[in-house]
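A quick write-up on the structure given underneath.
Nothing in this text is a laboratory measurement; each read-out follows from the coordinates by a stated rule. On a predicted model such as this, the values are computed, not experimentally measured, just so you know. Backbone-built Cβ (ideal geometry, glycine too); neighbour counts: all protein chains shown.
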Amino acid sequence: MCTEKDFTHTEKLVSYYANLFAAILSVCGAFVIIFSYVGSPQIERSRTLTKLILCLSLADLCSSGGVAISQAFLMIAPEDYSNIACITLRCIIQFGFVAAFFWTTTIAVFLYREISNFEQESRPFNMILAQIFCWGVPGALVAVILGGKYVIVDPNNHWCSTTEFAEWTFWLAPLILSFLCNSILYLMILRIIRKRTRNSHLLNLNVEKERLISTVMQKRLSMYILVFILCWIWDIVNHVLNLFCIEVFGLILLQNIFSPLQGFINCWLYGLTSSMITCNTKCCRKGPEQVRLLHKRYTSRGLLV
């Protein structure tokens, strides 16, 4: 059994404030994406990728909002932080983060399916099944945590956590599974795009413009998946180190910064890549017939703006 390392008061404050600031940024980012969706044209709202990003933002809003409120209570008025409020927020955070794991993986699966079947007719994506899985499974896990009384309240600092069994079963297992799926799909997507770019010589297409579209696609696809990997690699590393009773403040600080930050980075990424794609693909719309058809096919699948 490992004994918890006693960090200095300054280190704890830095960690708490970093976590709170990151969570607030993520809440703002999630709101921006949600309001952008509401104010966007109907054709944009009907695209599958746009709907998936909206659902991911709702999950980010849920988790980051819970983190922000919880940290604010702990730092400003811990005496007013009741056990009921602590357990409720812990369950909201658990639900939101696990839902974000699943929605990110669903986005990766959708992107891989569309790119791998690029030459074929686009098939409808089952959003109902995605909704049931990505919201239903996290909800069921929270119900099991509550029903099994796996939430522990520390009477000294009013901090809520789960038992070691629940943490590894209901938190780390979904995280690692999603992390592996996203990493594998990311590599497979890049392989397909690079192979298609090389084969453009055989199709007698305008190679320069074809490569331009593929490069834009590669950046957008890889960055969405890499955001998830960047945000959650620190949590996995710290859990592995904890098995050997190792705690490193720098790694814990990185975990507190990046774990609730996915909503903010996704917001920045969505705006950045939308502008980048709109600018870089204008020339493709005026290119040869084959390139215009290629661009139209990407757009019709909701993979380009």
Theoretical gain in end-to-end length, Val144 to Phe35 [0.36 nm per residue, Cα-Cα removed]: 35.9 nm
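What is the calculated FRET efficiency for Tyr17 to Gln42, with r their C-beta to C-beta distance and R₀ = 41 Å, to the nearest 0.05? Don't skip to the answer; put the middle values down first.
Values: r = 42 Å, r/R0 = 1.02.
For R0 = 41 Å, the calculated efficiency reads 0.45.
If you build the convex hull over the alpha carbons only and average its shadow over all orientations, what do you get for the range 24-104? Give it in nm² to one decimal.
Numbers: hull surface 22.7 nm².
If you wrap the Cα atoms of the range 24-104 in a convex hull and average its projections, you get 5.7 nm².
On full extension of the chain, what length is gained from Ile184 through Thr163, given 0.36 nm per residue of separation minus the C-alpha to C-alpha distance?
Numbers: separation 21, 0.36 × 21 = 7.56 nm, distance 3.02 nm.
That works out to 4.5 nm of additional length.
Return the FRET efficiency for the residue pair Asn126, His9: r is the Cβ-Cβ distance, R0 is 41 Å, and the value is rounded to the nearest 0.05. If you can, show how the numbers build up before the last one.
Working: r = 51 Å, r/R0 = 1.25.
That gives a FRET efficiency of 0.20.
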